[in-house]
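Chemist: Here it is, the structure, as structure tokens.
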Amino acid sequence: MEYNDEFKIIDTEDKAYFLGLLFADGSISKENTVRISLVDKQLIDDLELRFPFFNRGEFDYSKYGENHKIQYSLAKSNKVLYQDLFNLGLRERKSTENKELITIPELDNNLMNHFIRGYFDGNGSISIPSLRPNLRRVEICSASEYLINKFKQILLSNCIDCPYYRVKENPTYNLYVLEWIASENILNLKDYLYKNCTISLKRKKELFDSFKIIDKTDNNPKCPKCGSNTKKNGTRQMVKGLVIRYKCDNCNKNYTLPAQTKSDELLETHKALSTIIFSKNDKDTLTTSSQAIDTSIEGSTTT
């Protein structure tokens, strides 16, 4: 099947997404060849259905070592396609000597999120720290400082905060990185990237979908007097150790719990709505007492 000027004008989600993916993981050459290779067969299958003029390829790199995988590719040698992508801002050797020549095409705002999602599926990542499974770290990186700054500008204009920007220094070229850690920022980014989405890299979307904002007040003990929700109201260094002060949303009473403990029973004690106090006999031993609730509640509402 021949190329029929599909990328002359970017006016659909499919075109904007594929263009972003090409900016991240694709390549063009002066021999008029356009190519993209991925280990994700699902995405190549989806793109082939939408752009059947590309030729499908497959190569098993796993024979070169356990860290290598099968790669699936789409390629097309066509002078008009090459020129259309060049006019849209893509360049050959885009990560090295021509990285400063890349420009982002002018797209309608309702298409730009698809372009950035395509780029993210190629050059973005979501990581889950093993010790903090409720945390996500989301990154978008590029060898082009212009590209990352342009993404930041577009995201900010759509009310997506970009709090972290850093540079990864490499021997060949530097990588410029936008990073999100705070849960609210990540979910705002997710809502923007996947708005009106019909094509994406499923494994990354599933990671986004698995992340929910955890209401921190759910982990706070209920007020032992009235059972209402509480909020943390500061910390205080006591002779026995650091304590956290909680304040009731309803009756404004304050009470305290140890902030750090070696006891495995602390979480269960929180759930049981009782107060942990230090034993007079052993500073490292924690005991619970139903009577401690009444003795730990303070009548004042000072912070």
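The values are calculated or read from the model by the stated rules, or taken from the named source; none is laboratory data. These figures come from a predicted structure and were not determined experimentally. Cβ placement follows ideal geometry from the backbone for every residue including glycine, while neighbour counts extend to all protein chains displayed.
Residue-by-condition table, conditions (1) surrounded by fewer than 13 Cβ atoms within 10 Å (Cβ to Cβ); (2) assigned by TED's automatic domain parsing to the domain that holds Leu175; (3) of a type in the set (S, T, N, Q):
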| site | (1), (2), (3) |
| --- | --- |
| Asp25 | no, yes, no |
| Gly57 | no, yes, no |
| Tyr61 | no, yes, no |
| Lys79 | yes, yes, no |
| Arg91 | no, yes, no |
| Pro105 | no, yes, no |
| Asn110 | yes, yes, yes |
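Chemist: Right, here's the next one. Can you tell me which condition Arg35 does not meet? The list is (1) among the charged types (D, E, K, R); (2) in contact with a helix residue (DSSP H, G or I) (Cβ under 8 Å, 6 or more places away or on another chain); (3) under 22 Å from Ser142 (Cα atoms), and all the others hold.
Modeler: (2)
Chemist: I've got another one for you. Go through (1) touching a Phe, Trp or Tyr at 6+ places or on another chain (Cβ under 6 Å); (2) within 26 Å of Leu107 (Cα to Cα) for His68 and report which single condition fails.
Modeler: (2)
Chemist: Does Arg137 meet the test of being assigned by TED's automatic domain parsing to the domain that holds Arg203, basic (Lys, Arg) and within 15 Å of the chain's Cα centre (by Cα)?
Modeler: Yes, satisfied.
Chemist: Return yes or no: is Ile126 at pLDDT 95 or above and within 16 Å of the chain's Cα centre (by Cα)?
Modeler: No, not satisfied.
Chemist: Looking at (1) touching a residue at least 40 places away in the same chain (Cβ under 8 Å); (2) surrounded by 12 or more Cβ atoms within 10 Å (Cβ to Cβ); (3) farther than 12 Å from Ile181 by Cα, which is the one condition that is false for Leu155?
Modeler: Condition (1) is where Leu155 drops out.
Chemist: Would you call Leu21 among the aliphatic types (A, V, I, L, M), out of contact with any helix residue (DSSP H, G or I) (no Cβ under 6 Å at 6 or more places or on another chain) and part of a helix (DSSP H, G or I)?
Modeler: So Leu21 fails the test.
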